[in-house]
Amino acid sequence: MFTDVEKARGTVLQTMFSSKMGDLICSARFKGVFMDFGRFRPVPFPPEFLERSGLT
């Protein structure tokens, strides 16, 4: 899940649950910049991605 999206940066929320017990075993929150490594430039999120993700 993404939150706090600004053009090419965002906060990623991740949770992992045990498949047997259903218990939360890991929760992570980190910030990232989405890059085009061919051009070494940040890549803005496409408007369609933001709309489908409910971030607009």
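Values in this text are rule-based calculations from the coordinates and carry no lab data. Nothing here was measured: the structure is a model prediction, and the numbers come from that model. Cβ: placed from backbone, ideal geometry, glycine included. Neighbour counts: every protein chain shown.
Largest GNM mean-square fluctuation across F30, F45, F17, computed for the chain with C-alpha springs under 10 Å, falls on F17. Taking 0.36 nm per residue of separation and subtracting the Cα-Cα distance, full extension of the segment from F40 to S27 would add 1.7 nm. Take the Cα of T11, step 7 Å toward its Cβ, do the same at F49, and the gap between the two points is 1.9 nm. Any idea what log10 I(q)/I(0) is at q = 0.13, 0.17 Å⁻¹ for the chain, Debye with uniform C-alpha scatterers and no solvent? Debye output, listed in q order: -0.44, -0.66.
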